[in-house]
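Trainee: Can you read through this structure? Questions will come right after.
The values are calculated or read from the model by the stated rules, or taken from the named source; none is laboratory data. Everything numeric here is computed off the predicted structure, so don't read it as measured data. With ideal geometry, Cβ positions are generated from the backbone for all residues, glycine too; neighbour counts draw on all protein chains shown.
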Amino acid sequence: MTGRSDFRFPPGFRWGASTSAYQIEGAANEDGRGPSIWDTLCRMKDRVDNGETGDVACDHYHRYREDVALMRGLGLNAYRFSVAWPRVLPRGRGAVNAAGLDFYDRLIDSLLEAEIEPWLCLYHWDLPQALQDLGGWASRDTAGWFADYAAVCARRYGDRVKNWATINEFSVFTLFAYAFGAGAPGISDRQEHLKAMHHVNLAHGAGVDVLRALVPGGSIGAVHSVQTCRPEDPANPEHCESAALFDELWNLAFPDAQLLGHYPPRIAALIEPYVQAGDMARICRPIDWFGLNHYAPMYSKPDDGNVWGCGWGAAPDDMPRTDIGWPMDPTAFRDVLLDLGKRYRLPVYVTENGFGSKTETGTDDPRRLAYLRDYIAAMGEALMAGADVRGYFVWSLLDNFEWNGGYAPRFGIVHVDYETQARTPKESARWYADFIRGQRGV
Ligand code: GCO
């Protein structure tokens, strides 16, 4: 792609990085943190590559000051992180853990001192195990407990944090956790999946109401994974139907419910038994921005091995791929940015975009650098064509725990040596820092 790298993004554009609690914090058994469903899953046999866990991860819990200094050195003006629900409420509800609340105070204060705007996401997949024991997201009660947890965080951090996201990638974690059986808690059941989808949507709506009431001047959003969904073989009607269903499950079920007030057609009838009177109004609350996580177009074809009968197909042979095999197509990113604006009419923040590698060693990462350059150029093209994009957060600041993939896939612009916990900016980080400096006229 020939994107214009000389494009100037509007003043005030956020240039940041994203992380999530379980993937970087470590200190899983310290200072009163309770277990999450990912702690449990990591201890089950053959669920995570090499039997790895988030127990230590990047030890960010102890090294957050160094990580904030790294961001400052790179010139980032925003940072998206998540709060670990089980660190704040070890049993998911009831008694708060003062030491856990203190940690995020220190992190937020360090960010503000470094003139980096904190973007706080309340839920990035680490449900307290105690709530899973009561039914997890398949139980409607979890939506209410989420709202109570949101209130604890809003009261504590709302004076300093203005940018809040309810939940990260609703569709991805519900699909992997309740349909494909890979993510925590590792269930494959279509009815449980439908219930979880609806309850997660209810949690979002209740969370928005709490944040609106408790965060003065808050800017509230939600983070969705939206990846163009194409049939593996466009001439095959079964592939087309599979892609259409996958598109509803992955891309539409959550933002359509939250922003348009209805479920997409293939899902609507199936989810109906779990929808109570007034629910769609509870879910569809006004928000201020759309958080987009985008990586790669997806190709789909039927798959009898999962409860929906649709799954991944192969991308065309001539499609460039990342080191972990994800298709690379910056034009799909540009088009998603343009389409989202038309469909949902909200400002968009790109809350994740990045390049994974299992083969790179050290800090030479020319392919990540090229990916970021081309995707940022595509974002510039979307802006020129009228998309209202206000910020970009690279995934991720650090190499980290990549869920079922363990530590082998590296997504960081900063290399982490897991033996020593030494952080070293990669070539891509230096490029990103120069690019941001150029954009900000520093
Ligand atoms: C996700 C996440 C991140 C991942 C990243 C790379 O949605 O999967 O938000 O936690 O690590 O997307 O796969």
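Trainee: Please enumerate the residues belonging to region 380-430 that are in contact with a Phe, Trp or Tyr (Cβ under 7 Å, 6 or more places away or on another chain) and of a type in the set (Gly, Ala, Ser).
Mentor: GLY380, GLY391, SER396
Trainee: With the structure loaded, tell me whether MET71 is closer than 19 Å to PHE176 by Cβ and away from the ligand (no atom under 16 Å from the Cβ) or whether it fails that test.
Mentor: Criteria not met by MET71.
Trainee: Which residue, of GLY54, GLY92, GLY34, is more than 14 Å from the ligand (Cβ to nearest atom) and either out of contact with any Leu (no Cβ under 6 Å at 6 or more places or on another chain) or within 20 Å of ARG440 (Cα to Cα) (or both)?
Mentor: GLY34
Trainee: Inspect region 345-360 for any residue being more than 12 Å from the ligand (Cβ to nearest atom), of a type in the set (Gly, Ala, Ser) and within 26 Å of LEU252 (Cβ to Cβ) and give the result as yes or no.
Mentor: For region 345-360, residues more than 12 Å from the ligand (Cβ to nearest atom), of a type in the set (Gly, Ala, Ser) and within 26 Å of LEU252 (Cβ to Cβ): absent.
Trainee: Looking at ALA277, ALA296, ALA269, ALA370, can you tell me which residue is of a type in the set (A, V, I, L, M), away from the ligand (no atom under 16 Å from the Cβ) and over 26 Å from GLU192 (Cβ atoms)?
Mentor: ALA370
Trainee: If the requirement is being on the phi > 0 side of the Ramachandran plot and among the small types (Gly, Ala, Ser), which of these qualifies: GLY144, GLY136?
Mentor: It is GLY136.
Trainee: In the set ALA99, ALA184, ALA84, which member is touching an Asp or Glu at 6+ places or on another chain (Cβ under 7 Å), within 16 Å of the ligand (Cβ to nearest atom) and not charged (D, E, K, R)?
Mentor: ALA84
Trainee: Considering region 188-220 alone, what residues qualify as being part of a loop (DSSP other than H, G, I, E, B) and charged (D, E, K, R)?
Mentor: ASP189
Trainee: Restricting to region 409-442, name every residue that is within 16 Å of the ligand (Cβ to nearest atom) and in contact with a helix residue (DSSP H, G or I) (Cβ under 6 Å, 6 or more places away or on another chain).
Mentor: ILE413, VAL414, SER428
Trainee: I've got another one for you. Any idea which residue in region 280-312 is modelled with the lowest pLDDT, counting only those that are over 25 Å from PHE393 (Cα atoms) and of a type in the set (Gly, Ala, Ser)?
Mentor: GLY305
Trainee: Just wondering, is there one or more residues in region 385-400 that are away from the ligand (no atom under 13 Å from the Cβ), under 25 Å from TRP119 (Cβ atoms) and of a type in the set (A, V, I, L, M, F, W, C)?
Mentor: The answer is yes; a qualifying residue exists.
Trainee: Taking the options ASP374, ASP364, ASP399, name whichever one is in contact (Cβ under 8 Å) with a residue 12 or more places away in the chain, farther than 30 Å from ASN251 by Cβ and charged (D, E, K, R).
Mentor: After ruling out the rest, the residue left standing is ASP364.
Trainee: So, ASP109, is that one more than 16 Å from the ligand (Cβ to nearest atom) and within 18 Å of PRO86 (Cα to Cα) or not?
Mentor: Against the criterion (more than 16 Å from the ligand (Cβ to nearest atom) and within 18 Å of PRO86 (Cα to Cα)), ASP109 does not qualify.
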